[in-house]
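All remarks here apply to the structure that follows.
The values are calculated or read from the model by the stated rules, or taken from the named source; none is laboratory data. None of these values were measured; they are calculated from a predicted model. So basically every Cβ, Gly included, is an ideal-geometry build from the backbone, and we count neighbours across all protein chains shown. For accessibility, only protein heavy atoms count, side chains too; no ligands or nucleic acids. Shrake-Rupley method; radii C 1.70, N 1.55, O 1.52, S 1.80 Å.
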Number of protein chains: 2
Amino acid sequence: MKLGEGVEAAIHCAAMLAGVDGNSTMSGAAMAEAFGLSPSYLLKHLNQLTTARILESVPGPAGGYRLARAAEQITLLDIVLAVEGREPAFRCGEIRQRGPVKIDASAYVKPCGINAAMLKAERAYRAALAEVKLSDIVADYAAEGDPRSFAASCAFVERHQRPQKSGPPKQI
Amino acid sequence: MKLGEGVEAAIHCAAMLAGVDGNSTMSGAAMAEAFGLSPSYLLKHLNQLTTARILESVPGPAGGYRLARAAEQITLLDIVLAVEGREPAFRCGEIRQRGPVKIDASAYVKPCGINAAMLKAERAYRAALAEVKLSDIVADYAAEGDPRSFAASCAFVERHQRPQKSGPPKQI
């Protein structure tokens, strides 16, 4: 089972954006710099988060990205599904119906037990991801992370955030 | 998040092998036929299961595959890890250390909270897979599956299993 590398970048960026003041934004280039990533690579994942309405993109010279809703209302599951898609990891190809064992189609109305068991495990995975809010990640970093690292991240956000002249304040 | 297609084939083959008599085997070609798969494609996954000691491979003209241990002692997790590898789905690239936010290495001794949260969810997934035994899959199929489909599968196994003249009986 594999998750794309974009998941790590997406969660880190969302956590960083949880730290901007009010309705300020940060540019994709600044976040790419923060994590040593190529801006074009990161753009793809920022777009996925924007499409999923986790981020909002503000146009213009002082534009950039900010959270579209409060960090308390964003879970790790939201971010993982935004980047990886909503399809189950286990894709049932109905191979039970492919060979000579196949009988009348009416025998396959009920889902295959193997598929059902695999999807049940995925529900447990998703439930665990849904329990973790972005605000938890940030709070844990503040409380448990190395204080020098936390201070350096805050200073980076402070330097790169872009205050907005107008527009609705971020709802936190 | 994606699981390879081989997982479905591997679980179906293991479930089919749970139905052979005593220490009989089935050939990879027969199982490929049962599920409409290419024998060379399936061989890769049968080899993975053999390497993981879920199956054993018996050489010779009457050879083939059989379970290496009782179906009660094989879980879906065993099979998924055999096919997909044991690495976590979430690969932490330590991007927190890549950019200018990086400080002294001593600040990163503790795992990143994002990595920890993602791995915790994977533990929930793996625990759910570990709860399902291969024998449960077979028992559910017998009890809940379409009886015509179950009978057709049993007849296929009956026709294709290869009794062994010697060797230890399967420990079930």
Inter-label distance, nm, simple model (7 Å from Cα along the C-beta direction), A:Ile103/B:Ser106: 7.1 nm
Nearest-ten-degree value, helix B:134-144 long axis tilted from longest Cα axis of chain B: 60 degrees
Centre separation in Å (Cα based) which lies between segment A:22-48 and segment B:68-135: 26 Å
18 Å Cα-Cα reach of B:Lys165 towards aspartates and glutamates, excluding residues that sit fewer than 8 places from it in its own chain: B:Asp21, B:Glu56
Rounded percent of accessible protein surface that carbon and sulfur make up, chain B, 1.4 Å probe: 55 percent
Rel. contact order, % - alpha carbon contacts under 8 angstrom, at least six apart, chain A: 36 percent
Label point 7 Å beyond Cα along the C-beta direction, distances from B:Pro147 to other copies (nm, shortest first): 7.3
Accessible area expressed per residue, the protein assembly as shown, with surrounding protein chains retained (probe 1.4 Å, Å²): 48 Å²
Cα long-axis angle, helix B:39-51 against chain B (0 to 90 degrees, to the nearest 10): 70 degrees
Distance histogram for chain B (every C-alpha pair counted, 10 angstrom bins, percent rounded to whole numbers): 9, 32, 28, 14, 9, 6, 1
Shortest-first nm distances, A:Gly36 label point to equivalent points in other copies (7 Å, Cα→Cβ): 4.8
Entries of B:Lys44/B:Lys133; A:Lys120/B:Lys120; B:Lys2/B:Lys110; A:Lys2/A:Lys120; A:Lys2/B:Lys120 with Cα pairs more than 21 Å apart: B:Lys44/B:Lys133; B:Lys2/B:Lys110
Chain A, helix-only ellipticity at 222 nm - DSSP H runs n ≥ 4, -39,500 (n - 2.57), divided by all residues, nearest 500: -15000 deg cm²/dmol
Loop trypsin sites (Lys or Arg not before Pro), segment B:79-172 (other Cβ atoms within 10 Å of the site Cβ: 13 or fewer; DSSP): B:Arg86, B:Lys165
A from B by rotation - nearest chain B beta carbon to the axis, in Å: B:Tyr125, 2
